[in-house]
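Take a look at the structure set out below.
The values are calculated or read from the model by the stated rules, or taken from the named source; none is laboratory data. Since the structure is predicted, the reported quantities are computational estimates derived from the model, not experimental observations. We place every Cβ from the backbone using ideal geometry, glycine too, and count neighbours over all the protein chains shown.
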Amino acid sequence: MSEPRFRVALAGNPNVGKTTLFNALTGLNQRTGNYPGVTVAWHAGVWDLPGGPAELVDLPGSYSLSALSPDESLVQRLLQGVEGPAPQALLAIVDASNPERNLYFLSQLLDLGLPTVVALNMGDVAEAKGISVDAAALERALGARVVPIQAHRRVGLGELGRAMEEAAAAGLPGRGPGLPVSGPGAALPETIRGRYEWARARLQGALTRSRARQRFSDRVDQVLTHRVWGLLALVVIMGFIFQSVFTWSQPLMDGVGSAVSWAGGMLLRPLPPGILKDLLGDGVVAGVGSILVFLPQIAVLFLFIAILEDCGYMARSAFLMDRLFAKLGLSGRSFIPLLSSFACAVPGILATRTIADRKERLTTMLVAPLMSCSARLPVYTVLIAAFLPGRLVLGFIDERALVLLGLYALGLAVAVPVAWLLRRSMKAGGAALFLIELPGYKWPDPGTVARRVAEQCREFVANAGTIILSVAVVLWVLGAFPRPASVTAPFRARRAALEAAPGPASARAEALAELERREQGALLRQSWLGRMGRAIEPAFEPLGWDWRVTMAALAAFPAREVVIGSMGTIFDASGGEGDPGGLRQALVQARRDDGTPVFSVAVALSLMVFFALCAQCASTLAVIRRESGHWGWAAFTFGYMTALAWGAGALVFQAARALGLG
C-alpha cells in the first residue's frame, strides 16, 4: 500500500460515535464506550479515500479547545502540530440528536481554518427524539460539506470519503464565527455566548423538533436516575450480572476444562517419565490451563459490561454516584474512570485525564486499583465454587453470586473513605461541577459488543501465554528442586517393597499412588519454594494461610491473574498429574503437615478479601507513576493497598473462624 498522502484529524464531543466511525473507516478495533472519557490517547489508522490513502487520527473526545483537562490539552497539541505532524484536514463528527451543543465545538474547529467535512451521525437516535436536521441546509450555513451517516451501521461512509477527498483537494475551510479558539480569551463569557449564538443561527432553517410525545429515554430515566429507585436498580442489575457469571458460564467452563485436559493428555502421552514430562504437566499445563478454564466467566462479565456501555446505561450510573462522590470532594466524573477499572485499572487510570482538577484526578487515580478488575475474577470464582455450596437465598438467589457481588462492592466501599482521607490530606476544595450528557437509550450494536468482548478475551489469553507461563515454570522449578537423596531414598525402598508385596493389584496400585503423593509432598517441603514459603509463613498466619498459599499469593505480585496458575502449579505438584479442570478439587483436598485442611471457608474468604484490596499489578503501578509524574505515588499506592489488604484479610479470617467457619 502506498504512503498516506495527508493527515486527517477525527474530532468531536465525547459519546458521539467517534471511535466507532474511526474503526469503520480504518478497520482497526479501538475500544468504544457510551460515556465520556474512554478514548484518552490518540490512535492512527489508514483511511482509503477515492484518490488514495490518508492517515486518520482519532482524537480524544472533547467539548472545547480551551484545554481544561489533560485529554483536551492533548487535542489542542495534536491540532497545533505539537504532538506529531499537524493535520491538513478535519473530519468533525456531530451528534444529530444534540446539534446545538455539538456545534459549539465545531465552531472552534472551523476557526482553525482547515478543510473540514462534517459527519452528521446518529440520525436514527435523533428521529426517535423527534429531531430532524436538514443536512443540505446545514451545509449551506456552515460552508462545509455535511454528510449524514450511521457509523455503527456503516451507512454513508462512501459518500463521506468522497466528500473528504473533494474538501482536501479544494483546500477551502468552512465558515466559523472567527472568535478566539484557545487561550485566556477563549474562555470569556462573551466568547462562549457568541459561539452558542452562532450555533443557534446556523441551525435556523435546518433543525425541526417534534414534541408530540415524551421520549422513551425520559420515561425510563424517571426510574433509573431516581435517587432511591435508581440505586436499587443498579444493585439489581449488578446482582443479575454476577449470578449470570456462574450460571451461564459453567457449561462453557466444563467444556474448556475438558478441552484443556484432553490437549494436556495428548501433549504428555508420547513423553517418557522424567523431568520434561513433569515440567510440561505440572508447570505449563497446570499453570496456564488452570487460568484458561475461567475464560468463559471473563467473557460473560465483559459481555454484560459492553452491553451496558453501548445501550447508554453507564452514563446513568455515573450520574447516580455524583451525589455520593461530591461529599468526598470528588464528582461523578471520577466515577467514570472507576467504572473502567472494573475491567482493568490501566485504562481506568488513563481515563482520569478527563478530570480537570489535578487533586481530584490524583485521588481518583490512587483509588482506581481498589476496583475489582477482571484479573481478580478467577481468584474469586475458583474459591467461591470450591468452598461455598451454592445455597439459594430467598429461594432464587445463588449465595455465590451474592458473595461475588459483595467482593466487587468491597473495593468501591473501601474507596469511599480512602478518597475522603486523601482529599483531606491534600487540603483540596470542594468537588468540581459535574456535567454529563445522558445519551438516548439504544439497542447495543452486536458488532461493537462482540469486538469488545473478543478484545478483552484476547488480552486475557495473551497474559496467560506470557507472564503466567513464565511464573508457572519458575514456580515449578522452585518446587521441584533440590531432590535430596535423604528424602527420595526411603520412598524408593518403600516403593520397591510395595511392588514386590503379594495381594490384589488394585490395592497395590492404590498404595503406590498414596506413596507417590507423600513423596511429592515431602519433596515440595524440602524444595526451594518450600523453604522460602516456610520462612515467611509466620507473617501470614493471622490470615490463616499456610506456606503454599503464601507463595502462590506472593508469586502473583507482577499480575493478579497469576495466582490461579501459581496455585495450579503448587497444589498440583503435590497431587501428581495436574489436571487444570480439577483445581477446585485439589484445593479442597490439600492438607497441612498435621493433616488438617489447608483451606476452609474462613481461609478462602481471607484470600479473596486480600486480593480484592491488594496492589498486585506491575502495569497499574507503572501507569500511576507515568500519569502522576512521580514514583512516590506508585510506591504509596502499593504500600497502602498491601497494608489494607493484609489487615482486612486478617480481620475477615478471625471473624469467620469465630463464627465457626474454619
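Laid out as a table, the results:
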item: Any hit, the stretch 529-549, residues being within 25 Å of residue 619 (Cα to Cα), part of a helix (DSSP H, G or I), of a type in the set (Val, Ile, Thr) and at pLDDT below 85; result: no
item: Scope the stretch 504-517; condition surrounded by 13 or more Cβ atoms within 10 Å (Cβ to Cβ) and among the charged types (D, E, K, R); matching residues; result: 508, 516, 517
item: Residue within the stretch 286-304 that is more than 30 Å from residue 570 (Cβ to Cβ), in contact (Cβ under 8 Å) with a residue 24 or more places away in the chain and surrounded by 14 or more Cβ atoms within 10 Å (Cβ to Cβ) present; result: yes
item: Cross-chain or 6+ apart pairs with Cβ under 8 Å, the stretch 588-607 first and more than 29 Å from residue 410 (Cα to Cα) and in contact (Cβ under 8 Å) with a residue 12 or more places away in the chain, then among the aliphatic types (A, V, I, L, M) and not in a helix (DSSP H, G or I); result: 592/598
item: Strands (runs of 3 or more DSSP E) wholly inside the stretch 83-185 that include at least 2 residues being without any contact (Cβ under 8 Å) to a residue 60 or more places away in the chain; result: 116-121, 145-148
item: Lone unmet requirement of (1) within 20 Å of residue 314 (Cβ to Cβ); (2) among the hydrophobic types (A, V, I, L, M, F, W, C); (3) buried (at least 24 other Cβ atoms within 10 Å of the Cβ) for residue 379; result: (1)
item: Unique residue being in contact (Cβ under 8 Å) with a residue 12 or more places away in the chain, under 17 Å from the mean Cα position of the chain (by Cα), surrounded by 24 or more Cβ atoms within 10 Å (Cβ to Cβ) and outside any helix (DSSP H, G or I) when the list is 372, 334, 340; result: 372
item: Selected residue (only one of 193, 227, 202 is among the charged types (D, E, K, R), assigned by TED's automatic domain parsing to the domain that holds residue 131 and in contact (Cβ under 8 Å) with a residue 24 or more places away in the chain); result: 202
item: Extreme residue, surrounded by the most Cβ atoms within 10 Å (Cβ to Cβ), among residues of the stretch 224-237 that are over 13 Å from residue 319 (Cβ atoms) and not aromatic (Phe, Trp, Tyr); result: 237
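Residues are listed down the side, and each one gets a yes or a no for (1) out of contact with any helix residue (DSSP H, G or I) (no Cβ under 9 Å at 6 or more places or on another chain); (2) hydrophobic (A, V, I, L, M, F, W, C):
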position	(1), (2)
83	no, no
110	no, yes
120	no, yes
146	no, yes
152	no, no
169	yes, yes
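Each row is one residue, and each column tells you yes or no for (1) modelled with pLDDT of 80 or more; (2) under 30 Å from residue 390 (Cβ atoms); (3) assigned by TED's automatic domain parsing to the domain that holds residue 644.
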site: 553; (1), (2), (3): yes, yes, yes
site: 565; (1), (2), (3): no, yes, yes
site: 581; (1), (2), (3): no, yes, yes
site: 593; (1), (2), (3): no, no, yes
site: 601; (1), (2), (3): yes, yes, yes
site: 605; (1), (2), (3): yes, yes, yes
site: 608; (1), (2), (3): yes, yes, yes
